[in-house]
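Written below as structure tokens is the structure these notes are about.
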Amino acid sequence: MKNNPLYKLMNPGSIAIAGAGNNPRKMGTLHALNILKGGYGGKFFPLHPTEETVLGHKAYRTVDQLPQVPELVMLIVPTDAALHLLDEFGRLGTRRAIVVTSGFRETGAAGQKKEEELQEIARRHNIRFLGPNCIGMMNSQISLNTTVMPLSGQPGRLGMASQSGTYVTQTFSYLKERGIHFSKAISVGNETDIDITDALEYLGQDEETKAIALYIEGIKDGARFIDVAQKITPHKPVIAQYVGGSAAGARAGMSHTGSMAGPDFLYEGIFKQAGIIRVDTVEDLYLNGWMLASQPPMRGSRVGVVTNSGGPGTAISDTCDKNNLEVPRFSPQLQEQIRQLIQAQASSTNPVDLTFDLNARNLSVVIPELIMQSGEVDGLVLHGAMSHGFLRAIHPYLQEMLGGISLEGFLAQFPVDFTDMVSLPVKYQLPMAVSSFFGNEDNYTAAFRSHSIPVFDAPEKAAKAMSALHRHKEIRERKEIERTPLPALAVEAEKIIAEAVAAGRQVLDEYQAKQVLAAYGIPVTRERLAHCAQEAAEAAQKLGFPVVLKASSPDIAHKTEQGLVHLNLKTVDDVKQAYSAVIAAAGSQVPVLVAEMVQGQRELLAGMSRFPGFGPCIMFGIGGIFTEAIKDVTFRAAPLTETEAEEMLTDIRTAALLQQFRGMPAAETAELARLLRKLGELALLHPRIAEIDINPIVLSGSRPVAVDALIVLTKE
């Protein structure tokens, strides 16, 4: 851990800050106040050109006047001054920095040049830094908060790394109200030096951090990100929100693969490959992240539900079912124990619905404990535990009836001992999520939150949080990722590609594309090229009827809609007529491909597209003419291990089609997984290939066969 550049940055014995003064309206002053007032115990050295003291501390006008070399410097000054000061601190011997200053590449070409200069200065002095254009960091274990927002409360268990400063600092009050506490939080800004993968690696090694939350807008080095995450996620949950996957961020390609390789499709697959749990909103990032950080892990998928109302119980059960969780019917023995504690009209099955029952202890302690100790559940969702919130609401109507009693006096008549309730998750080592429509004005909500039991403001949210725990159980239990060396480069494939490049062609024709695939052991149709009707007829006779005829030209990418494909030809005359029809439709004397007719009702798709930051990425999904309409695909970054390829096969919505289905045999999934792995190896060995599209892959019985293929080469 100490080798990570963030270790010394997050644990400095002394801090110098440039940009702090005595004006509370200045950003630098706010950063300095939070360091000084937050409880940091190290030395503090403000740098200021005119002030004698800053916030009660002796100020220094120049770097060389400092009494010692600070371990960390914060720069909150104009852009040019930041460059000058970083150089001066580097010459002094400081090796860690936080560059809050903005005005770099986010402002355009001139800013990009300044950022490159900042990077060069840092490298020259061996300085590792956060930023620029970041908000700082916090380390609750040493009471260090270098951001602009005050932080109070106990040290937490949730680590945070964010490409937005807002989500590290402006949320402190929001999180405190919900009982969520960071262990460490890191704003990475422009990531000129230390990036979000460095932060992930650091938090993965940090013993105080029990779960990690990531806010991501883009990843620079996808291979390293996946490698680091795969080392962490089997042992520590990582949850992420990715934004940037809208149509505005997608790119178009010449193949099906390229046109669907937009960021959202890609990142969805990358997170699964890395073992990261994805959420859609920042609220889910924090709340589900806190669930993962604060609760014991799930052992199975069974969830017990206890409520004081049928509606929330139904909503929780429905959400569990949609997220691969079970809500099993309790055993007769457990139901009988519960029945003794509830009214006659209440339900003792799962969910347990107490209906309107003011015995909050039964709802929040006695019945949940019976369920937890039964061994029949792996987690519990509780809705409706309340007291003061309800009492505050009804007090104005009861006050006169009760002789004008004050609110404080009224509440005092209903004391609660929460000790047994809040100890349940630890006592039974089972996770617990709570749903309540009351906030901290209710003493039950406040008690749960103050003891690190997450409270959600909707039943469905509590159930979804439980599903995040279950998802991490699956990640913990996934097969080991074992990477193997790349095979030798196939000389025949490289020759085909080199000839196309020399001829100035960007696309290989179908015949050439399949030859390249076959060179790596990817199963393709038996086929021959023909340049006249007689050659086509002879080829058909050698292959055996029925056959397929189609144009084979690098200038024709998608042939079906142009009348350039003829299927199920059973005689020589059929072949000759189809040949003439293809030539007529093509409008020129193009080569014609004669191929065996592969029979099969299930059509799949595999492909490769290169993506900035990730290199070649492999796609798998449902193929055929409706590929782009259905869009049932999944992506992973190459190279693929056996485990990763197998996971792709079960990741699509229609994965059931690969099993025995309506009299059709189960697909040879090992062969399909091998095809995907070989596709990744091919892409890595041949960087001149930009896109590969194998569509369709027909399941001939159980065997996958590539029936059509397209390979697009890079322009440079």
| Selected residue [out of contact with any Ser or Thr (no Cβ under 9 Å at 6 or more places or on another chain) and at pLDDT below 95] from ALA645, ALA655, ALA638, ALA670 | ALA655
| remark: So the helices (runs of 4 or more DSSP H) completely within the stretch 263-333 holding 1 or more residues that are among the hydrophobic types (A, V, I, L, M, F, W, C) and either over 29 Å from PHE172 (Cα atoms) or modelled with pLDDT under 95 (or both) are 263-274, 310-322
| field | Residues satisfying the stated conditions in the stretch 546-585, i.e. crowded, with 18+ Cβ neighbours inside 10 Å, small (Gly, Ala, Ser) and modelled with pLDDT of 90 or more | value | ALA551, SER552, ALA578
| message | For ARG105, only one of the following conditions fails: (1) in contact with a helix residue (DSSP H, G or I) (Cβ under 6 Å, 6 or more places away or on another chain); (2) of a type outside the set (S, T, N, Q); (3) farther than 17 Å from THR192 by Cα. What is its number? | response | (3)
| message | Please go through the stretch 69-85 and give me each residue that is more than 12 Å from ILE15 (Cα to Cα), surrounded by 24 or more Cβ atoms within 10 Å (Cβ to Cβ) and touching a Phe, Trp or Tyr at 6+ places or on another chain (Cβ under 8 Å), ordered by number. | response | none
| message | Looking at LEU66, LEU55 in this structure, which one is in the same structural domain as PRO132 (by TED's automatic domain parsing) and in contact with a Phe, Trp or Tyr (Cβ under 6 Å, 6 or more places away or on another chain)? | response | LEU66
| task | From LEU47, LEU72, LEU86, grab the single residue that is hydrophobic (A, V, I, L, M, F, W, C) and farther than 24 Å from ILE194 by Cα. | result | LEU47
| query | Going by the conditions given, is ASN440 surrounded by 21 or more Cβ atoms within 10 Å (Cβ to Cβ) and part of a loop (DSSP other than H, G, I, E, B)? | reply | no
| query | Pick from the stretch 649-694 the residues that are without any contact (Cβ under 8 Å) to a residue 40 or more places away in the chain and under 24 Å from the mean Cα position of the chain (by Cα): which of them is surrounded by the most Cβ atoms within 10 Å (Cβ to Cβ)? | reply | ARG677
| message | Restricting to the stretch 416-437, name every residue that is under 33 Å from the mean Cα position of the chain (by Cα), outside any strand (DSSP E or B) and surrounded by 18 or more Cβ atoms within 10 Å (Cβ to Cβ). | response | VAL422, LEU424, PRO425, TYR428, LEU430, PRO431, SER436
| In the stretch 223-237, what residues are closer than 11 Å to PHE614 by Cβ and either surrounded by fewer than 21 Cβ atoms within 10 Å (Cβ to Cβ) or modelled with pLDDT under 95 (or both)? | ALA223, ARG224
| task | Scan the stretch 357-398 for residues that are crowded, with 18+ Cβ neighbours inside 10 Å and among the acidic types (Asp, Glu) and jot them down. | result | ASP378
| task | Identify, from the list THR192, THR209, THR171, THR197, the residue that is in contact with a helix residue (DSSP H, G or I) (Cβ under 8 Å, 6 or more places away or on another chain) and either free of Cβ contacts under 8 Å to residues at least 24 places away in the same chain or over 22 Å from ASN288 (Cα atoms) (or both). | result | THR192
| note | Expected single match for in contact with a helix residue (DSSP H, G or I) (Cβ under 9 Å, 6 or more places away or on another chain), part of a loop (DSSP other than H, G, I, E, B), among the aliphatic types (A, V, I, L, M) and not assigned by TED's automatic domain parsing to the domain that holds LEU567 among ALA667, ALA690 is ALA667
| Qualifying positions in the stretch 483-519 - of a type in the set (S, T, N, Q) and in contact with a strand residue (DSSP E or B) (Cβ under 7 Å, 6 or more places away or on another chain) | GLN506
| Test: residue in the stretch 301-308 that is crowded, with 17+ Cβ neighbours inside 10 Å and of a type in the set (Lys, Arg) | yes
| closer than 29 Å to GLY90 by Cβ and either in the same structural domain as SER450 (by TED's automatic domain parsing) or under 25 Å from the mean Cα position of the chain (by Cα) (or both), is that true of LEU203? | yes
| remark: If we keep only residues of the stretch 399-415 that are surrounded by 13 or more Cβ atoms within 10 Å (Cβ to Cβ) and outside any helix (DSSP H, G or I), then the residue nearest to the chain's Cα centre (by Cα) is PHE414
| Selection from the stretch 468-519 of residues that are touching a residue at least 12 places away in the same chain (Cβ under 8 Å), closer than 30 Å to LEU292 by Cα and charged (D, E, K, R) | ARG471, LYS473, ARG476, ARG478, LYS479, GLU480, GLU482, ARG483
| query | Quick check: anything in the stretch 668-676 over 28 Å from ILE219 (Cα atoms) and of a type in the set (A, V, I, L, M, F, W, C)? | reply | yes
| Taking helices (runs of 4 or more DSSP H) that do not extend beyond the stretch 446-545, which have at least 1 residues that are in contact with a Gly (Cβ under 9 Å, 6 or more places away or on another chain), of a type in the set (Ser, Thr, Tyr) and modelled with pLDDT of 95 or more? | none
| Within the stretch 212-224, how many residues turn out to be out of contact with any helix residue (DSSP H, G or I) (no Cβ under 7 Å at 6 or more places or on another chain) and either among the polar types (S, T, N, Q) or in a helix (DSSP H, G or I) (or both)? | 1
| Does GLU460 satisfy being surrounded by fewer than 23 Cβ atoms within 10 Å (Cβ to Cβ), in the same structural domain as ARG361 (by TED's automatic domain parsing) and touching a helix residue (DSSP H, G or I) at 6+ places or on another chain (Cβ under 8 Å)? | yes
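The values are calculated or read from the model by the stated rules, or taken from the named source; none is laboratory data. Values in this document were obtained by computation on a predicted structure and should not be read as measured data. Virtual Cβ from ideal backbone geometry, glycine too; neighbours counted across all protein chains shown.
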